[in-house]
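The values are calculated or read from the model by the stated rules, or taken from the named source; none is laboratory data. Model, not experiment: these values are computed from the prediction. Methodologically, a virtual Cβ is constructed for each residue, glycine included, from the backbone with ideal geometry; neighbour enumeration extends over all protein chains shown. All accessible areas refer to the heavy atoms of the entire protein, side chains included, with ligands and DNA or RNA removed. Shrake-Rupley method; radii C 1.70, N 1.55, O 1.52, S 1.80 Å.
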Amino acid sequence: MRLARGRPRKTCLAALGRFFRELSTGAAGESTVFDSAGFIHPTAVVHQDAVVGRGVSVGPFCTVGSSVKIGDQCQLYPGSHVFGNTELGDNCVLMTGAVVGDDLPGSTLLGFNNSIGHHAVVGAKCQDLKYKIGEPCFLSIGNNNDIREFSSIHRSSKSSDCTVIGNNNLIMGSCHIAHDCKIGNCNIFANSTLLAGHVVVEDYVHTAGAVVVHQFCHLGSFSFIGGGSAISQDVPKYMMVAGGRAELHGLNLEGLRRHGFTDLEMRSLRTAYQRIFMPSNANPVRFEERLAELEQHEALAGFPAVLSMTRSIRSCLAEDRRGICKIRHWNAS
């Protein structure tokens, strides 16, 4: 269903206060518009070609572009804007000052139950100088994501790629996710986590504050990144890293425990980690041989988590990857 465009006009503080009272009481005054499809404030600019679902609330001074599609029960708080070929799923919320989409070729797609925080910018043009103006670029965001205030998420740098964010992620204030990143599900990025282009983050990754990640790095599932870390190489599954040039600090045992790993699984992972990264002087075999021995170990190889960790390590060592963050006493002999 389409809603007519509201006519912009000057509104004094008293009128703005009346608007908020009407929102809280459900009363419709002369300066508000209600119908069976939802609510639109007269100072909002909603293009006549925009598609707006049922029960949508559009606050004062909002802008909705001509190619925008807004799902049912969405809420646009005062001063939020949706531009370009952008689609919001049902029950999305845009807080004051949020900007979603851009007037660029391509698209910005959000699933349902996403919250975009105050003054966050989602779906803007990338900051890659190789991007060619006029080339389609894309951003796809799943469901149930909480993207907090002042965060920025950019579209892809080329038409053959897409910036992707999965489901159930918490992206705290002032985070940045650059072009062509691939973010999985159930991750937590603490404040000021900065991901450069083409970074891959799997599932259940937790970063502390002020983390920076170099382009093309991979962060494995269930890993933990300590506060203030600079990640310039890959982090395999289940591991914990920290430091100005981040180094391996063992397994993320607390994170594994919180996500239901059993004591037996964690003991097996710890033993496997020690065999790979902390061999005794009595075992001077090369790193690749230590991995192979572990994969054939009679007891440890029976745990899927252990094999998953070894596969993740091997992937990090592939020619097209950046290698593994070093351990403080790395032994690669």
The residue that is most open to solvent (accessible area, probe 1.4 Å), considering only those in the stretch 124-136 that are of a type outside the set (Phe, Trp, Tyr) and touching a residue at least 40 places away in the same chain (Cβ under 8 Å), is 127
inquiry  = Here is a check on your reading of the model: is residue 146 out of contact with any Pro (no Cβ under 6 Å at 6 or more places or on another chain) and either under 19 Å from residue 197 (Cα atoms) or open to solvent by less than 20 Å² (accessible area, probe 1.4 Å) (or both)?
reply    = no
The condition of being over 17 Å from the mean Cα position of the chain (by Cα) and open to solvent by 30 Å² or more (accessible area, probe 1.4 Å) holds, among 78, 105, only for 105
Within the bounds of the stretch 196-203, is there any residue that is open to solvent by less than 10 Å² (accessible area, probe 1.4 Å) and in contact (Cβ under 8 Å) with a residue 60 or more places away in the chain? yes
When the stretch 176-189 is checked residue by residue, the ones that are open to solvent by less than 10 Å² (accessible area, probe 1.4 Å) and over 23 Å from residue 130 (Cβ atoms) are 187, 189
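Would you confirm, using the coordinates I've provided, whether residue 241 is of a type in the set (A, V, I, L, M, F, W, C), free of Cβ contacts under 8 Å to residues at least 24 places away in the same chain and either crowded, with 16+ Cβ neighbours inside 10 Å or assigned to a loop (DSSP other than H, G, I, E, B) (or both)?
No.
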Note: among 192, 229, 223, just one is buried (at least 19 other Cβ atoms within 10 Å of the Cβ), over 18 Å from the mean Cα position of the chain (by Cα) and free of Cβ contacts under 8 Å to residues at least 40 places away in the same chain, namely 229
Is it the case that some residue within the stretch 250-271 is among the β-branched types (Val, Ile, Thr), crowded, with 20+ Cβ neighbours inside 10 Å and either touching a Cys at 6+ places or on another chain (Cβ under 8 Å) or in contact (Cβ under 8 Å) with a residue 12 or more places away in the chain (or both)? no
Picked from the stretch 114-163 (must be among the aliphatic types (A, V, I, L, M) and not in a loop (DSSP other than H, G, I, E, B)), the residue nearest to residue 188 (Cα to Cα) is 147
Expected output for the stretch 77-99 (first residue under 9 Å from residue 117 (Cα atoms), partner hydrophobic (A, V, I, L, M, F, W, C) and assigned to a loop (DSSP other than H, G, I, E, B), Cβ below 6 Å, 6+ apart or cross-chain) is 98/120
Residue hits (the stretch 296-320; more than 33 Å from the chain's Cα centre (by Cα) and among the charged types (D, E, K, R)) are 298
For residue 277, the lone unmet condition from (1) within 21 Å of residue 312 (Cα to Cα); (2) surrounded by 21 or more Cβ atoms within 10 Å (Cβ to Cβ); (3) modelled with pLDDT of 95 or more is (3)
Exactly one of 196, 98, 190, 178 is more than 28 Å from residue 235 (Cα to Cα) and either touching a strand residue (DSSP E or B) at 6+ places or on another chain (Cβ under 7 Å) or of a type in the set (Asp, Glu) (or both), and that one is 98
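For (1) in contact with a helix residue (DSSP H, G or I) (Cβ under 9 Å, 6 or more places away or on another chain); (2) at negative phi, each residue gets a yes or a no:
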| residue | (1), (2) |
| --- | --- |
| 55 | no, no |
| 59 | yes, yes |
| 68 | no, yes |
| 72 | no, yes |
| 80 | no, yes |
| 85 | no, yes |
| 90 | no, yes |
| 94 | no, yes |
